[in-house]
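The values are calculated or read from the model by the stated rules, or taken from the named source; none is laboratory data. All values reported here derive from a predicted model rather than from experimental measurement. Note that each Cβ is placed from the backbone with ideal geometry, even for glycine, and that neighbours are counted across all protein chains shown. Calculation scope for accessible area: heavy atoms of the full protein, side chains included, ligands and nucleic acids excluded. Shrake-Rupley method; radii C 1.70, N 1.55, O 1.52, S 1.80 Å.
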Amino acid sequence: MKKAERLETRNFGKNKHAAHVKHQKEFCRSLYREHLEEASFLYEQRCFLLKDPVIGWTDLEDFEDRLEAHINALVIGGDHALEVCEENQLMDSGERYGAVRVLCRLGRMAPVMRMLESLDSEDEEEMAAISDALCQDMPNRSALECVRFLADKGGACATMAAHIMGFRRMREGGLLRQILRQDRPDTIASAMWALGRVRDQSFQPKASALLRHEDGKVCESAALYLLRIGHLKTIRDCMDCAATRKWPLWPLAIGAGVSCLPVLKQQAEGADGTEDALLALGLFGEISAMDILLESLEQSEFAESAATALNLIAGAEIHEDAFIPEEIDEDELFPEEAEKIKRGESLYPKGEEPGETITRLSRDPQSWRRWWAENQSRFEPRTAYRNGQPYSPASLLENLESETSPPKMRRMAYEELVIRYGIDIPMETDMLVLRQKQAIGQYRAWIGKNSARFAPGKWYFAGRQL
């Protein structure tokens, strides 16, 4: 074979090999891109379901297991998977969530820091996605660098930094002190929330001053921080503020003794009574609130909260099947359909309305009044009840575990375990289900060893009976 022919054959072989390598690379990148897209979809589904009151908290575990499979495939995918995860300019918020988790697990923090540098603080979905990823998988050795960078950016990024620090129980008081100097109410509230998670006592004077802040969310976060560190005077401060403001409802419901009951009842009975006031009475658990709650069932705007509060005290579990019609988007209606809606007429023949039938706590006043008339003798005045039993750490654990507990009531049950009984095992109700189950297992073991220390039905604060 002539030299020129040999060179041509050799070049053909090289070109064929290069084409094969390029094709293989594109195939791998396409495969890992699909993993990232699927992770994004499952993450967005999880976010949606977290807010759905009908979905039990363990129902998310299947989505999280499938999400974990895609994250793990990218972790072990090698260089091609890494390239896909670093192309952040092409990603939606869910893909960034997946990419940050992968990069964190591999210790590749340089591309994560580049994402933080380009973070759009006006994009709430992107901020939440990256925050969730850092909460779940950020390596400890890089955590301080990341949150300090976010805190220095200020604004919404500082709020995000405080949330991550609280979620991960990072004891960085100096950095949180820096964040507290900002004048954004949501940032201050987030920093107070984080300080409550690590129970740093040194911020008590600052938090006490914040009880007079004009923003109710800041006041509530400061009060909960103070209660979590065992500052008893906060209960009196909350009672003083409750005459003119609504924010003390939750702190009083989950931290005070029977002396606060008139304040809670006054809030619920007032002309501007709220759903929160009814739920606060349910959390407090004293049966003299039952009449207020039964009357509130008659008002449709308060019926759901009243039923939840009644069940928190009585544990009756009275359920009903209810048809929930599909929401109508008026922008998509024809003019004649819009006129029908204005006249209060249905767009569909009777029995053919689109929607779904769900099982929920009964909102029928007669069902609840009948149950209470038959069972009232089992309950004693000036005693705290939860789920039909005298209030105790075990009853709070029941709320944490229950598939039917509304998300807010599960969050409050965790706060109560810390504030009333001093049991502080790290727990958040938006943690991954596996980690929540692990925390609940620790609570169960602690309660099994310590429940005899607490008299059922009594109000406690920081482990001491009020």
task: Compute the acute angle (0 to 90°) between the alpha-carbon long axis of helix 433-450 and the principal axis of greatest extent of the alpha-carbon atoms of the chain; round to the nearest 10°.
output: 40 degrees
- request: Send over a whole-number figure in Å² for the accessible area per residue of the chain, probe 1.4 Å.
  value: 50 Å²
message: What Kirkwood Rh does the range 76-140 have if only Cα atoms enter the pairwise 1/r average? Answer in Å.
response: 11.6 Å
- request: Among the GluC sites (Glu not before Pro) in the range 358-424, which ones are in a DSSP loop with at most 15 other Cβ atoms within 10 Å of the Cβ? Mind listing them?
  value: Glu403
query: How much net charge surrounds Arg197 when only other residues with a Cβ under 11 Å from its Cβ are counted (Lys, Arg +1; Asp, Glu -1)?
result: +1
field: MRE, 222 nm, helices only [DSSP H, n ≥ 4, -39500 (n - 2.57), over the chain, to nearest 500]
entry: -19500 deg cm²/dmol
message: Ignoring ligands, DNA and RNA, please state the percent of accessible area on the chain from carbon and sulfur, probe 1.4 Å.
response: 49 percent
message: Run the reach check for Lys265 against aspartates and glutamates, Cα to Cα strictly under 17 Å, same-chain hits fewer than 8 apart removed. What comes back?
response: Asp240, Glu275, Asp276, Glu286, Asp291, Glu295
query: If amide H atoms are built 1.01 Å from N in the plane of the peptide, which residues on other chains or at least 5 residues away come under 5 Å of the amide H of Tyr460?
result: Leu466
- prompt: Rg/Rh for the range 50-207: what does it come to with C-alpha atoms and Rh from Kirkwood?
  reply: 0.99
- line: Toy charge model, Lys and Arg Cβ at +1, Asp and Glu Cβ at -1: the chain dipole around Cα centroid in debye, rounded to 20, equals 3220 debye
statement: hull vol. (C-alpha, convex hull) per residue for the chain, Å³ -> 215 Å³
- prompt: What does the charge add up to near Thr187, with Lys and Arg as +1, Asp and Glu as -1, over the other residues with Cβ less than 12 Å from its Cβ?
  reply: +1
task: With no solvent and one equal point scatterer per Cα, compute the Debye intensity ratio I(q)/I(0) for the range 220-291 at 0.16, 0.18, 0.21 Å⁻¹ and report its log10, rounded to two decimals.
output: -0.48, -0.60, -0.82
